[in-house]
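Have a look at the structure below, then the notes.
The values are calculated or read from the model by the stated rules, or taken from the named source; none is laboratory data. These numbers were taken from a predicted model, which means no experiment stands behind them. Using ideal geometry, Cβ is built from the backbone for each residue, glycine included, and neighbour counts are taken over all protein chains shown.
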Amino acid sequence: MKIDPLSLKLFLAVSELGTIAAAAEREHIAASALSKRISDLEGALRTQLLARSNKGISPTPAGLALQDLSRGIVNDLDNIATMMQDYATGTRGLVRIYANVSSIAQFLPTDLHGFVEKYPDVQLQLEERISTAILRGVAENAADIGCYADVGSVPANVITLPYREDHLVVVMSKGNSMARRKRLTTEELLRHYLIGLQTGSYINLQLLRIAGELGIPVKFRMQVNSYDAVCLMVEADMGIGILPVSLAQRYARTLGIRIVDLDAPWADRKLNLCIRTYDGLPVAARLLVDHLCPTAAAIAAATAKGAT
């Protein structure tokens, strides 16, 4: 036996309002069609649900029992419709984000907080990755949005969008012989042991590139997974490190490290967003892209037009 949810809703309307005419007017249906729905429902359930008299219509004992059951079902259906509408408008959903450590440590906390204040029911799944893995992850649909340091090469099926900029500096222990210097070049860096980030990070790629051009080997004392670890190893005089100036200043307030400017073109970085397509994003992801980059739609449209 199949029971039509609409028939239950119409039954509730009649039992609450007491007349077919009033219920039909409220539910925007012809009175004859509504009456047939009620008759069909009674036939399907093999019991009388409404008692008709010259005073109007009232529920039978079976009808009273069905009222309680029907209200729960109709409310659940309304909740489903509301929830699906939330997904359709982007106010509810899941957004998968890959981001490099610099974006996570500097900019994303504040930006994502502003987003979830607007859309509290959107779930954000944030994972830290190196920039090359971020681009690959977005290209392969493992993430909806990527936030990475501009490494030059971008997969053909990925669109890049501007996000932020930062500047890299050198950090060293206070007892280091270069701690009083105002700036260092990449070539000078390469003469010393370095505390590097994980293989494939933007900083490591740049060091390896310059080292290859100069014919000087990179001397990594160790490679770690966070700027916290870099600075702690630097404080212990295990080597020198490179990190964004805003983070270096933060660590310098509590650790025994000095900041020296990095005199190199690659020290000024662009942090970009990357997506596969703008229009193909889930609605919630598109809202987040717009929040992080207000010109995203225009840039994506211009990119698509240039590709045709």
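The table below lists the values:
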item	result
Members of region 42-69 that are assigned to a loop (DSSP other than H, G, I, E, B) and surrounded by 13 or more Cβ atoms within 10 Å (Cβ to Cβ)	47, 48, 49, 60
Test: residue 183 is under 24 Å from residue 241 (Cβ atoms), in contact with a strand residue (DSSP E or B) (Cβ under 6 Å, 6 or more places away or on another chain), surrounded by 17 or more Cβ atoms within 10 Å (Cβ to Cβ) and not polar (S, T, N, Q)	no
Single match in 135, 194 (criterion: at pLDDT 90 or above, aliphatic (A, V, I, L, M) and under 23 Å from residue 252 (Cα atoms))	194
Pairs with Cβ under 9 Å, 6+ apart, first in region 126-153 and not assigned by TED's automatic domain parsing to the domain that holds residue 164 and surrounded by 24 or more Cβ atoms within 10 Å (Cβ to Cβ), second in a strand (DSSP E or B) and of a type in the set (S, T, N, Q)	none
Matching entry among 166, 111 (being part of a helix (DSSP H, G or I), closer than 30 Å to residue 257 by Cα and touching a Leu at 6+ places or on another chain (Cβ under 7 Å))	111
The lone exception for residue 39 - which of (1) assigned to a helix (DSSP H, G or I); (2) modelled with pLDDT of 85 or more; (3) under 46 Å from the mean Cα position of the chain (by Cα) it fails	(3)
Count of residues meeting criterion [in contact with a helix residue (DSSP H, G or I) (Cβ under 9 Å, 6 or more places away or on another chain) and either closer than 18 Å to residue 107 by Cα or not assigned by TED's automatic domain parsing to the domain that holds residue 111 (or both)] in region 251-271	4
In region 200-224, the residues that are in contact (Cβ under 8 Å) with a residue 60 or more places away in the chain and in contact with a strand residue (DSSP E or B) (Cβ under 7 Å, 6 or more places away or on another chain)	202
